[in-house]
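The values are calculated or read from the model by the stated rules, or taken from the named source; none is laboratory data. Bear in mind the structure is a predicted one, so any value in this text is a computation, not a measurement. Positions of Cβ are backbone-derived with ideal geometry, glycine not excepted, and every protein chain shown enters the neighbour counts. Side chains included, ligands, DNA and RNA excluded: accessible areas come from the protein's heavy atoms. Shrake-Rupley method; radii C 1.70, N 1.55, O 1.52, S 1.80 Å.
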Amino acid sequence: AAGLGLTWNPAERVQGYTHPLWLFALLAGRLVTGELYYTTIVLSVALSLGAAWLLAFRLRAGWTAAVLGLLVLALSRAFVDFSTSGLENALSHFILAAFLVVWFNLPPATRAASEDADSAWATRHSPLATLSLLAGLLALNRLDALLLVAPALGWALWRQRSGRGLLAVALGLLPLALWTAFS
């Protein structure tokens, strides 16, 4: 924000953060509002509420499951503390919730291991690029969080088993690859 670039000390190129996506979100918020503390808290709360909303109302679950899920999140001291503390967890929760919404809104045959699903998967518009983009963004925010979605992404790629599927995953993970090359 001071014009010195992504450094800790001026003239030293040191990556003093482990969450580039969160850093850029905070930097954008700072550029818009002019201050950092309240912007961080508001952004954390907004992303946490967004994650809870996605899980409660965008997954294919009934009202009972939605209310129970919201109660579990609201009464979980760990979720509330880590999601509103200003750390990158709120963004991780939001991206993970978005990944789950895309995954669980796939046709059931796509996620199942039946032979009929292979042709349905190949002919239907594949959300593989969306899943891999969300996985890449999750890794950009917190690299170890990629382990949470890697099995589902691997399974989705296995179900497609085509060059088009590999291309979709490569394009989705392109932001992560570009950041890794830069850093």
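Per-structure values
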{"item": "Residue within segment 108-121 that is modelled with pLDDT under 85, surrounded by 15 or more Cβ atoms within 10 Å (Cβ to Cβ) and outside any helix (DSSP H, G or I) present", "result": "no"}
{"item": "Tabulated pairs, segment 101-112, first under 21 Å from Ala56 (Cα atoms), second at pLDDT 75 or above and open to solvent by less than 30 Å² (accessible area, probe 1.4 Å), C-beta under 6 angstrom, 6+ apart or interchain", "result": "Val101/Leu54; Val102/Pro127; Val102/Leu131; Trp103/Ala152"}
{"item": "Neighbours by Cβ (under 7 Å, 6+ apart or cross-chain): first from segment 49-75, open to solvent by 80 Å² or more (accessible area, probe 1.4 Å); second not basic (Lys, Arg)", "result": "Phe57/Ala66; Arg58/Val101; Arg60/Phe104; Arg60/Asn105"}
{"item": "Selected residue [open to solvent by 40 Å² or more (accessible area, probe 1.4 Å) and at positive phi] from Gly16, Gly34", "result": "Gly34"}
